[in-house]
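**Q** Okay, here's the structure, questions in a sec.
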Amino acid sequence: MGNAIGDVLSPAVGVAISPVPIVAVILTLFSRRARSNGPLFLAGWVLGLASACTAFILLGSAVDIAGGGGPSRGAAVLRIALGALLLVAAMRQWRKRPGKGEEPELPGWMAGIEEFGPAKSFVMACALAALNPKNLALILAAAMSIAQDTGGSLGETDPWIAMIVFVAVGSATVAASVLTCLFGGKRAEKVLTSWKAWLTANNATLMFVLFLVFGALVLGNGISSL
């Protein structure tokens with residue numbers, strides 16, 4: 001189990017520091033119903049991550065990704081493809097970074113978040129966690145490691161403990177934002193506003209570094225497993 005937990009920490013950190021969901025939850029916390037929207041956003045985020053990770057673990061077990069106790073050739077090829085995809089995404093993020101003097105813009109779909117109610121906040125968080133292609137690549141990398149390191153034995157507790165660790169770490173920044181709003185007092189809005197401004201300004205650069213590092217790690221792991 002130790003190997004599985006160690007292997008999921010890197011992609012979990014990648015999920016946690018992705019700027020878009022953090023900005024989204026901060027906008028949710030600026031809504032009129034922040035004290036209900038925020039916790040429901042966090043619940044939706046946790047559910048989305050857990051559901052996607054569980055689905056990939058079950059798929060990995062079904063196709064015997066562990067290859068009889070060791071890394072299968074198919075799993076190695078899949079890691080190489082996933083690593084290459086992340087490196088391509090890194091290059092795209094680098095090209096999308098704002099030029100000197102340009103104001104970074106938030107995605108258009110974020111415009112109405114501050115008007116969302118609890119149900120919409122919950123559904124949006126589920127979708128951001130489980131359906132965002134950037135997240136899915138990192139979730140897939142974590143689920144492959146869990147299925148491989150635990151031998152695909154879903155009857156044991158090891159894969160599920162590793163998944164819980166992945167979800168907990170991957171939810172840390174969203175949880176920190178919600179807790180800051182609920183318990184941060186008068187300084188909460190100022191703190192959240194500063195986080196939002198920094199993440200918006202550095203979104204492309206941060207995602208470039210994230211994809212570059214994790215793409216290289218996944219690609220390297222795939223090559224070494226051949």
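The values are calculated or read from the model by the stated rules, or taken from the named source; none is laboratory data. Here the structure is a predicted model, which means the values were calculated and not measured. So basically every Cβ, Gly included, is an ideal-geometry build from the backbone, and we count neighbours across all protein chains shown.
**Q** Would you mind telling me which numbered condition in (1) surrounded by 16 or more Cβ atoms within 10 Å (Cβ to Cβ); (2) among the small types (Gly, Ala, Ser); (3) more than 14 Å from the chain's Cα centre (by Cα) Ser171 fails?
**A** Of the numbered conditions (1) surrounded by 16 or more Cβ atoms within 10 Å (Cβ to Cβ); (2) among the small types (Gly, Ala, Ser); (3) more than 14 Å from the chain's Cα centre (by Cα), the odd one out for Ser171 is (3).
**Q** Within segment 217-226, does at least one residue satisfy the condition of being modelled with pLDDT under 85, surrounded by fewer than 17 Cβ atoms within 10 Å (Cβ to Cβ), within 29 Å of Gly83 (Cβ to Cβ) and polar (S, T, N, Q)?
**A** So far as segment 217-226 goes, yes, one or more of its residues are modelled with pLDDT under 85, surrounded by fewer than 17 Cβ atoms within 10 Å (Cβ to Cβ), within 29 Å of Gly83 (Cβ to Cβ) and polar (S, T, N, Q).
**Q** Here is a further query. Go over the candidates Asn203, Asn221 one by one and state the one that is more than 17 Å from Gly6 (Cα to Cα) and out of contact with any strand residue (DSSP E or B) (no Cβ under 8 Å at 6 or more places or on another chain).
**A** None of the others qualify; the one that does is Asn203.
**Q** Quick test for you: out of Ala43, Ala76, Ala52, Ala66, pick the one residue that is at pLDDT below 80, in contact with a helix residue (DSSP H, G or I) (Cβ under 9 Å, 6 or more places away or on another chain) and assigned to a helix (DSSP H, G or I).
**A** Step by step, each of Ala43, Ala76, Ala52, Ala66 is checked, and only Ala76 is at pLDDT below 80, in contact with a helix residue (DSSP H, G or I) (Cβ under 9 Å, 6 or more places away or on another chain) and assigned to a helix (DSSP H, G or I).
**Q** Across segment 1-33, what is the number of residues that are touching a Ser or Thr at 6+ places or on another chain (Cβ under 7 Å), closer than 17 Å to Trp195 by Cβ and aliphatic (A, V, I, L, M)?
**A** 7
**Q** In the list Ala111, Ala142, Ala119, Ala130, which residue meets the criterion of being surrounded by 22 or more Cβ atoms within 10 Å (Cβ to Cβ) and closer than 22 Å to Val25 by Cβ?
**A** Of Ala111, Ala142, Ala119, Ala130, the one residue that is surrounded by 22 or more Cβ atoms within 10 Å (Cβ to Cβ) and closer than 22 Å to Val25 by Cβ is Ala142.
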